[in-house]
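Novice: Just dropping this structure here.
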Amino acid sequence: MAEQTIHDVVMIGAGPAALTAAIYTTREEIETVLYEKAIVGGLAATTDWIDNYPGYAQGVAGLQLADELREQAERFGAKIEFGTVEKIERSGGTIKLLVDGGEVLARSVLIATGSDHRKLGVPGEEEYFAKGVHYCATCDGAFYKEKRLIVVGGGNSGVQEALFLTRFATHIDLLVRSELRASEVLLRKLEEAKDKITVHTNVLVDEIVAENDIVVGAKIRNKHTDEQSMVHADGVFIFIGLIPNTWFLADSDIALDDQGFIKANTDLETSMPGVFVAGDVREGATMQIAAAVGDGATAALKMRQYLESKE
Ligand SMILES: Cc1cc2nc3c(=O)[nH]c(=O)nc-3n(C[C@H](O)[C@H](O)[C@H](O)COP(=O)(O)OP(=O)(O)OC[C@H]3O[C@@H](n4cnc5c(N)ncnc54)[C@H](O)[C@@H]3O)c2cc1C
């Protein structure tokens with residue numbers, strides 16, 4: 001029987017952190033495979049416009065940046081496969097991964113799985129996902145031309161995406177659990193858009209309401225008075241934060257913090273030898289593309305040192 005391949009480096013995820021790490025490893029001729037469960041480019045690819053990534057003086061579309069990172073990594077030989085990593089364990093000098101039910105072996109691994117959108121957890125949310133309930137304005141906003149929308153979330157993402165959605169929607173109700181927490185720049189833009197965006201503070205969403213299987217709005221409740229009311233809309237976009245993509249590490253020896261982010265030392269190595277972490281999924285990450293890219297470069301250089309030490 002043919003012996004199973006042991007990859008030099010396997011990366012989990014193909015967002016900005018992993019793609020950058022792959023540029024570094026493959027340029028030094030370290031064989032590298034990336035497994036991606038959804039979109040190459042990660043959250044950056046689903047972001048409409050990025051204004052603060054260095055080197056793009058006029059800003060850059062998220063999808064363009066993702067494509068360029070991919071092209072650069074593939075130029076040096078990075079191999080990108082689609083698949084979900086479901087488990088990771090160390091067995092002797094090798095790291096075993098379960099990818100879509102199949103075993104993949106590696107000498108070293110980079111976890112760069114980023115984070116996912118936090119859910120409200122109310123009736124109707126799961127049922128009408130992608131049929132009236134959305135988490136990506138860039139992906140789904142254009143379906144709501146000349147329609148009314150609800151946006152949930154009063155942080156930077158909620159306000160930024162509500163502003164973006166004014167390109168399509170006739171009106172937006174922005175539902176905020178307590179007070180607005182967005183940056184001064186965004187709050188100024190929100191004020192300028194007040195004809196199109198109505199802000200409701202101190203409200204909780206109780207239910208996404210549909211009639212004949214079509215979303216018609218949300219039942220909301222005032223946090224202080226408990227008074228319920230209905231906000232009518234054709235779609236609901238939810239931006240209430242992110243949770244780290246670490247569910248597949250539940251039974252592993254990789255240490256997580258109490259919020260589920262991966263702990264690492266200054267070499268970005270986790271508590272499992274040979275397994276490194278980069279980007280938004282790392283404890284203490286600043287949730288920015290430039291930071292994820294920096295992590296990716298650091299992790300790749302430290303992985304090279306690790307592999308050399310094992311030769
Ligand atoms: C709405 C929005 C706007 C933003 N705007 C900006 C901005 O203007 N500027 C900025 O700097 N940052 C912005 N960010 C943040 C930025 O997108 C992230 O910081 C960056 O994408 C993090 O990169 P990453 O590689 O760590 O993770 P991600 O980009 O999240 O990539 C992780 C990848 O791993 C994959 N994955 C997860 N689990 C598995 C698994 N088990 N198996 C296989 N694959 C898996 C995911 O599908 C994903 O593609 C924004 C984020 C959002 C949500």
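Rule-based calculations on the coordinates, nothing more; no lab input. Just so we're clear, the structure is a prediction, and the values are computed from it rather than from any experiment. So basically every Cβ, Gly included, is an ideal-geometry build from the backbone, and we count neighbours across all protein chains shown.
Novice: For the chain, set up a GNM with springs between Cα atoms under 10 Å and report which of 122, 203, 151 has the largest fluctuation.
Specialist: Among 122, 203, 151, the largest GNM mean-square fluctuation belongs to 122.
Novice: Let me ask you something else. Rank by packing, highest mean first: peptides 269-281, 290-302, with packing defined as the count of other Cβ atoms within 10 Å averaged across residues.
Specialist: Values: 269-281: 24.1, 290-302: 22.3.
Highest mean packing first, the order is 269-281, 290-302.
Novice: Which helices of the chain meet both criteria: a Cα extent of 24 Å or more along the helical axis and a mean Kyte-Doolittle score no lower than 1.6, with helices taken as whole DSSP H segments?
Specialist: none
Novice: Between their Cα atoms, which of 189/263; 196/219; 196/223; 131/196; 119/302; 96/131 are more than 30 Å away from each other?
Specialist: 189/263; 119/302; 96/131
Novice: Then there's this: What are the principal axis extents of the Cα atoms in the chain, in Å, biggest first?
Specialist: Largest first, the chain extends 65, 42, 34 Å along its Cα principal axes.
Novice: Given H placed 1.01 Å from N in the peptide plane, which residues other than close sequence neighbours of residue 120 have an amide H under 5 Å from its amide H?
Specialist: none
Novice: Tell me the trypsin sites (Lys or Arg not before Pro) within region 175-224 that lie in a loop according to DSSP and have at most 11 other beta-carbon atoms within 10 Å.
Specialist: Taking region 175-224 and a limit of 11 other Cβ atoms within 10 Å, the loop trypsin sites (Lys or Arg not before Pro) found are 194.
Novice: Quick one: which residues, 5+ away or cross-chain, put their amide H under 5 Å from the amide H of residue 50? H built at 1.01 Å from N.
Specialist: Those qualifying (amide H under 5 Å, at least 5 residues apart or on another chain) are 60, 61, 62.
Novice: Highest GNM mean-square fluctuation, the chain, Cα pairs closer than 10 Å: which of 210, 14, 264?
Specialist: Looking only at 210, 14, 264, the largest GNM fluctuation is found for 210.
Novice: Turning to a different aspect of this structure: Taking Cα centroids, how far is region 2-62 from region 97-139 in Å?
Specialist: So the two Cα centres are separated by 17 Å.
Novice: Here's a follow-up. Whole-Å semi-axes of region 69-197's equivalent ellipsoid, largest first, each the root of 5 times a Cα gyration tensor eigenvalue?
Specialist: Values: eigenvalues 310, 63, 49 Å².
After diagonalising the Cα gyration tensor, the semi-axes are 39, 18, 16 Å.
Novice: Let me ask something additional. Quick one: Karplus J couplings for region 230-245, per residue in order, coefficients 6.51, -1.76, 1.60, θ = phi - 60°, nearest Hz, x for Gly and Pro?
Specialist: Listing the rounded values in order: 10, 10, 8, 6, 8, x, 10, 10, 10, 9, 10, x, 10, 10, x, 7 Hz.
Novice: Counting pairs of alpha carbon atoms under 8 Å apart in space and at least six apart in sequence, what relative contact order in percent does the chain give?
Specialist: This gives 20 percent for the chain.
Novice: Would you mind calculating the gained length between residue 64 and residue 96 on full extension (0.36 nm times residue separation, minus the Cα-Cα distance), in nm to one decimal?
Specialist: Full extension of this stretch gives 8.2 nm more.
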